[in-house]
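The values are calculated or read from the model by the stated rules, or taken from the named source; none is laboratory data. This structure is a prediction, so every number in the text was calculated from the model and none was measured. Positions of Cβ are generated from backbone atoms using ideal geometry, with glycine treated the same way; all protein chains shown enter the neighbour counts.
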Amino acid sequence: MRGLRRSRTKVVLLGSVVVVGAASVPARLASAFDFFGLFDTQAAPQPSPTTLPYKVDFEVKGDDAVERALEDASNLYKLRETPPPDGESLVQRATADFRPLVDAMWGAGYYNGRVSVEVAGVPLELGQDRRGAAAAAASGYRNRGTVPIKVIAETGPRFKLRDVSVVDQATGRPFDPATVPPRVLKLSPGDPARAADLRAANARLVDYFRNQSRPLVKAPLPQPVVDHATETVDVAFPVDPGPRAGIGEVSLSGPNTFDQAIVRSFIYLDRGEPYTPKALDDTRKSIAQIPAVGSVRIREGQHLDAAGNLPIFVDVTERARNLIGASAGFSTLDGPTGRAYYENRNLLGGAERLRVEGAAFFAPRNDGTRIRKVGDFKASDIGARFSFSFLKPALGGSHWDFLLDGLAERNRTGGGRFGGYTVRDAGATAGLRYRVDETLSFQGGLKYERGQTSDVLGQVNYQLIGTPLTVRYDTTDKPLDPSRGIRLTGTVTPYPTFLGSSVGFTRANASASAYYAFDEDARYILAGRVGLGSLFGAPDDISKIPSNYRFFAGGVGSIRGYRAQSVGPSGPFGFTVGGRSEFDASLEARIKVTDTIGIAPFVDAGGAYRDLVPRFSNRRGDGRERGDTRASAGLGLMYYTGIGPIRVDVAAPLNPRRGDRHLALYVSIGQSF
C-alpha cells in the first residue's frame, strides 16, 4: 500500500440573492460572493505569449466517485492556475502525476486501475515515451488557446479484503480476540480494500492500546498483499503494545506572570494512576479554564521512569492582560441592543479576573401601548444594565475559588399582548467554589438584592438575602459546541425572613443536557436538554413574590418561537404573570453538511405553572387555569468557526396563541445549549 441572538428574514433573503448572483454574473464577480467556498468560481485560463495555460478534465470509466480523489492527488490539476513556460515543462508536470494518480486509485481499492493522460490530443501512458510529440503539440497552442488535457482513469473492479489480522510485531503471532476485539479495526473480510480505511484502522489500533494505559505503543503501517488474480487483499497489522504505564511526574513550564501553584491546583493527575489520553485532555481543558491562561500544551515523555510511569510536561502561556470590547445587535422582537465591557485577566498578579460590563437596550412596553412613531419614544423605553464579576482562582494554591458578582439594572420583559413586568434592582453575591476535579464542583455563598417589580398584579418592593448553593457536573468535550458528554446543574437558594428577606421562599432550578455523536468525526449529533424549576415555601398569593423570581418560559434557551418570558399563567387582561414552577425541554439533531456548514432541526416544549410541581394540563378539573404549555419546531443553520459555530435558528410555534408571530429568527455564537 502506497499509500448559524436573533436575526431577520432579510438575512435569509440575502442568501438567496447570493446564490442567484453567483449563477448569473461573471466568475470574478461571483467569487466575491462565495463566502463559504460553495461555488466553483474559477475563471478559464487565457492564452499567453510567455506561458502555456491549460485546462484539465477528468474522464472516469467505472466508479465516478474516484474523480475527487484524482483531483486531490493531481499536481497537474492543483497547479492549473500557474501555467508552465513551455510544452516540455507541461509534459513533465503531466507525467509526474502518474504515480500519485495510481496511488489514488489504489487508495480507493482499485488495484488493477489504469491511468493515462492526453496532452493536446497526444496520449501518455506508463511504459510509453511520447513526451516529445506531446510537448510539440502543446507548444502549438502558445498565444493561441489553452492546452486541452484529459486525465483518463479506468478503475476496473474494486478489490476486497480477504484475510485481516492484528499480529504481535515481535513474534508475528495474531493477538487473541480478547486482547484486541474485532470491533477495534472495524474491518471484515469482504469489505472494500481502501487504503484510507486501512490507515484509519491502524490509527484506531494505536488509540485502543493508548487507552489501555500503553502510551509507548508502536504500530507501523501494514504492508498489504495484493492478489491481482482473485482481486483480493490480505493485510496484517503489526503492533508492539509496549508496557502498561501510570502517570509520572508532571513538570510545569510557565506561566511567567502568576504563581505556578494556581495552575497546579487545576491539575488533578495523581502520580501512579493509570495513564489515559483522556486524562491528559481533561487536564488541558481544566487549566484552560483559568482566565489568565492563553494556551496549554501537554507533552508526553519518550521513556518510562524507574517506577514504570510516564513523565508529563505541561507548557502554559498567558493571555493578554486587558480586554476591551463592544457589540451591538437588533431584533424585530426585542429592538436594538448595545454593550461595552472591560476585562482584566490578571488584576493583582494572582490570575484574578475582573470584568465590568454596561449594556443599553430597548425595553419593550408591557402596558399595552406601542411606539408607532418617533414622537412616541420615551426615555423610559431604554433599559440599562451594569454588572461586574470578580474571580480569584485557587486560594492559597488550593481547589477553592472566590467569586464576587454584582448587578444593577432597569428592565422590562414581555411586550405585545402578553404583558410582562418592570424591574429595578441591584445586588451582589459572594461565594466560594470547590472544584472536586475537572468535571464536578460545589459552590455556596451569600446573596443580597434590593429591588422593585411591577406588573398587572401590582408592585412589589423587596429585599432578599439568600444563601445560594450550586452543584455542577460537566463531562462535555467542548464548551461552545459539545458533541459528547453530559451537563448537570442544580441551584437551590433559600431566602429566609430571619436573615432579613421581606418575603420568604426557596427557589430551586435544575437543568440537564446530553450529547451523543453517532460517528467518530461527530458529523451527526443528537442533543437533548431538560430544565425544571420550583418555588418552595412561597406565599399563597403569588403577587407578593417579586416578578423576576417567578417562573416564565419562552425565547432562547427555553421555547424558541415564542416571545421571551411570555409563556406562563395569565392574570388580568390575559397578561402573563408567571408561576411557581417551570419545565422546558429541547431535542435537536446537529448535522454537518460540509466541514463548515451544518443544519439542526429541533423541537422545543415547555411552560410555566401555578402549582409547585409542573402539571402539563393547562386547566384544572374545575376549569381554572393551571398553567400554559407550548411547543415549537424549527431549523438551525450553522457556520463552524475556530471559536465555535455561528448559528441562525428559525422557529415556528406549534400551538400559537393570538398575538404570536408565525416565525422567529435567532442568531448566536455557540450552540443553543
Exercise. Quick check: is even one residue across the stretch 425-435 in the same structural domain as P393 (by TED's automatic domain parsing), part of a strand (DSSP E or B), at pLDDT 95 or above and within 25 Å of G568 (Cα to Cα)?
Worked result: yes
Seminar exercise, completed: Note on L161: of the conditions (1) in a loop (DSSP other than H, G, I, E, B); (2) surrounded by 19 or more Cβ atoms within 10 Å (Cβ to Cβ), unmet is (1)
Exercise. In this structure, is L535 crowded, with 19+ Cβ neighbours inside 10 Å and in the same structural domain as R590 (by TED's automatic domain parsing)?
Worked result: yes
For this session: Among what's in the stretch 287-302 and is over 18 Å from the mean Cα position of the chain (by Cα) and not hydrophobic (A, V, I, L, M, F, W, C), pick the residue that is surrounded by the most Cβ atoms within 10 Å (Cβ to Cβ).
Result: P291
For this session: Find all pairs meeting these conditions: Cβ atoms under 7 angstrom apart; at least six residues apart or on different chains; first residue within the stretch 265-276 and at positive phi; second residue of a type in the set (A, V, I, L, M) and surrounded by 15 or more Cβ atoms within 10 Å (Cβ to Cβ).
Result: G272/I247
Seminar exercise, completed: Flagged in the stretch 497-533 as at pLDDT 95 or above and farther than 19 Å from S586 by Cα, in numbering order, are T497, F498, L499, G500, S501, S502, V503, G504, F505, T506, R507, A508
Exercise. Would a scan of the stretch 149-164 turn up a residue that is in contact with an Asp or Glu (Cβ under 6 Å, 6 or more places away or on another chain), more than 23 Å from P49 (Cβ to Cβ) and of a type in the set (S, T, Y)?
Worked result: yes
For this session: State whether the residues of the stretch 635-646 include one that is outside any loop (DSSP other than H, G, I, E, B), over 30 Å from A517 (Cβ atoms) and modelled with pLDDT under 90.
Result: no
Problem set entry | Filtered residues of the stretch 215-231 (kept if touching a helix residue (DSSP H, G or I) at 6+ places or on another chain (Cβ under 9 Å) and either farther than 25 Å from P274 by Cβ or surrounded by fewer than 19 Cβ atoms within 10 Å (Cβ to Cβ) (or both)) | V217, K218, P220, L221, P222, P224, V226
For this session: Among residues belonging to the stretch 188-200 that are surrounded by fewer than 20 Cβ atoms within 10 Å (Cβ to Cβ) and of a type in the set (A, V, I, L, M), point out the one that is farthest from L280 (Cα to Cα).
Result: A196
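For every residue, the table says whether it meets (1) outside the structural domain of Q223 (by TED's automatic domain parsing); (2) outside any helix (DSSP H, G or I); (3) polar (S, T, N, Q).
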{"residue": "T50", "(1), (2), (3)": "yes, yes, yes"}
{"residue": "V60", "(1), (2), (3)": "yes, yes, no"}
{"residue": "L76", "(1), (2), (3)": "yes, no, no"}
{"residue": "R80", "(1), (2), (3)": "yes, yes, no"}
{"residue": "P100", "(1), (2), (3)": "yes, no, no"}
{"residue": "D103", "(1), (2), (3)": "yes, no, no"}
{"residue": "G109", "(1), (2), (3)": "yes, yes, no"}
{"residue": "P123", "(1), (2), (3)": "yes, yes, no"}
Exercise. Considering I599, I669, which residue is modelled with pLDDT under 95 and either among the aromatic types (F, W, Y) or farther than 22 Å from P539 by Cα (or both)?
Worked result: I669
For this session: Test G248 against the stated conditions and say whether it is touching a Ser or Thr at 6+ places or on another chain (Cβ under 9 Å), surrounded by 15 or more Cβ atoms within 10 Å (Cβ to Cβ) and either closer than 11 Å to N309 by Cβ or at pLDDT below 95 (or both).
Result: no
Seminar exercise, completed: With criteria (1) of a type in the set (A, V, I, L, M); (2) outside any helix (DSSP H, G or I); (3) surrounded by fewer than 18 Cβ atoms within 10 Å (Cβ to Cβ), V180 comes up short on (3)
Seminar exercise, completed: Screening T476, T489 for residues that are touching a Pro at 6+ places or on another chain (Cβ under 6 Å) and surrounded by fewer than 19 Cβ atoms within 10 Å (Cβ to Cβ) leaves only T476
Problem set entry | From S483, S502, residue being assigned to a loop (DSSP other than H, G, I, E, B) and in contact with an Asp or Glu (Cβ under 8 Å, 6 or more places away or on another chain) | S483
Seminar exercise, completed: Subset of the stretch 245-295, residues among the aliphatic types (A, V, I, L, M), under 23 Å from N322 (Cα atoms) and in contact with a strand residue (DSSP E or B) (Cβ under 8 Å, 6 or more places away or on another chain), comes to V263, I287, A288, A292, V293
For this session: From (1) in contact with a Phe, Trp or Tyr (Cβ under 7 Å, 6 or more places away or on another chain); (2) surrounded by 19 or more Cβ atoms within 10 Å (Cβ to Cβ); (3) in a strand (DSSP E or B), pick out the condition that doesn't hold for P614.
Result: (3)
Problem set entry | Boolean, S543 is modelled with pLDDT of 90 or more and surrounded by 20 or more Cβ atoms within 10 Å (Cβ to Cβ) | no
Exercise. Has the stretch 549-568 got any residue that is hydroxyl-bearing (S, T, Y), surrounded by fewer than 24 Cβ atoms within 10 Å (Cβ to Cβ) and in a strand (DSSP E or B)?
Worked result: no
For this session: Determine whether the stretch 259-268 contains at least one residue that is part of a loop (DSSP other than H, G, I, E, B) and modelled with pLDDT under 95.
Result: no
Exercise. From the set of residues in the stretch 411-424 that are of a type in the set (K, R) and either assigned to a strand (DSSP E or B) or under 35 Å from the mean Cα position of the chain (by Cα) (or both), which is modelled with the lowest pLDDT?
Worked result: R412
